[in-house]
Amino acid sequence: MKRLEIGDGRVVEYLVEGPADGRPLVMHHGTPGVAMALEPIVEAAARHGLRFVTHSRPGYSDSTPQPGRRVADVADDVGALLDVLGADEFVTLGWSGGGPHALACAALLPDRCRAAAVIAGVAPYDAEGLDWLAGMGDENVAEFGAAAIGKDALDTYLAEASAELKDVQPDDIIAAFGDLLSAVDQTALHGGLADYLAASCRAAVSRGYDGWRDDDLAFLADWGVDLASIRVPVSIWQGDQDRMVPRDHGRWLGEHVPGATTQLVAGEGHLSLINNIDSIVAGLASA
């Protein structure tokens, strides 16, 4: 893990793996989450000549909190990270809560971003024609219901939720995620994904829940991103068995990001979309 000092005095932790001469594949982690190598993505990136890069958003692990941050603010951090890496251009991938941040990079770094992929990513909270909470598991309905009330209500919810994840182990993940896991996602955990999720969750709340809270509030606020301005290739991947980010989020994004290709994958959930990672990364590498 490396640390980057940003001009405003913040520190951003980041991780780099893969060929030093490869174009960066900047991965945006989910919510909650941290900069951590997800081996199937690292391996797919290397197979396609890409360098895996990921960072912890502000407030997670050793990345300094940035209260009031918007989704759009990620573009400045990614731009600074690319400068340190000596990279003029990159491709990006966002999973779940990372999806909006990948779209922000596509919209706000048009001279450097060559393509983006969104895997089970949320749509804007005020998306016209989308019932944002419909189809989500009980835990997400409660969490975002608290976020919609305001910071204090969300703090109360996350204080308890983060305490439950502080020492979570792989065997605890199904119980910890509860109604958020469809049957196909429970099966997907058997391939080592439970180890990754447990370690990521523990690290994400190791210094509190600032990052988690600020993610949630940013999702429900104005992202500061004009999706209609995106001109780079974007692929949207969404499963119809997703209880965390339901299928209609992917459908809505596919209809509102210009030129996006949308893969609404029958029989896949939120986590099981990892089965498609080589195709997703191959598409990014070809841009």
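The values are calculated or read from the model by the stated rules, or taken from the named source; none is laboratory data. Keep in mind that what you see is a predicted model, and the values were worked out from it rather than measured. Cβ: placed from backbone, ideal geometry, glycine included. Neighbour counts: every protein chain shown. The protein model used for the area step is the full one, side chains on, heavy atoms only, and it has no ligands, DNA or RNA in it. Shrake-Rupley method; radii C 1.70, N 1.55, O 1.52, S 1.80 Å.
Considering only residues that are in a helix (DSSP H, G or I) and in contact with a Gly (Cβ under 8 Å, 6 or more places away or on another chain), look in region 119-155 and name the one that is most open to solvent (accessible area, probe 1.4 Å).
Out of the qualifying residues, it is Asp138.
Considering only region 263-287, state which residues are small (Gly, Ala, Ser), crowded, with 18+ Cβ neighbours inside 10 Å and not in a helix (DSSP H, G or I).
Residue satisfying the conditions is Gly269 alone.
Being among the charged types (D, E, K, R) and either touching a helix residue (DSSP H, G or I) at 6+ places or on another chain (Cβ under 6 Å) or part of a loop (DSSP other than H, G, I, E, B) (or both) is true for just one of Asp21, Asp76. Which residue is that?
From the options Asp21, Asp76, the qualifying one is Asp21.
Out of the residues in region 197-252 that are farther than 16 Å from Gly99 by Cα and in a strand (DSSP E or B), which is least open to solvent (accessible area, probe 1.4 Å)?
Among them, the one singled out is Gly208.
Checking the structure you have, find out if any residue of region 236-253 is modelled with pLDDT of 95 or more and within 30 Å of Asp21 (Cβ to Cβ).
yes
Restricting to region 51-73, count the residues that are in a strand (DSSP E or B) and either among the β-branched types (Val, Ile, Thr) or farther than 23 Å from Arg3 by Cβ (or both).
The number of residues fulfilling the criteria is 2.
In region 162-189, how many are of a type in the set (A, V, I, L, M) and more than 20 Å from Asp242 (Cβ to Cβ)?
3
Starting from residues that are over 13 Å from Gly137 (Cβ atoms) and of a type in the set (Phe, Trp, Tyr), keep the ones in region 156-196 and report whichever is most open to solvent (accessible area, probe 1.4 Å).
Tyr157
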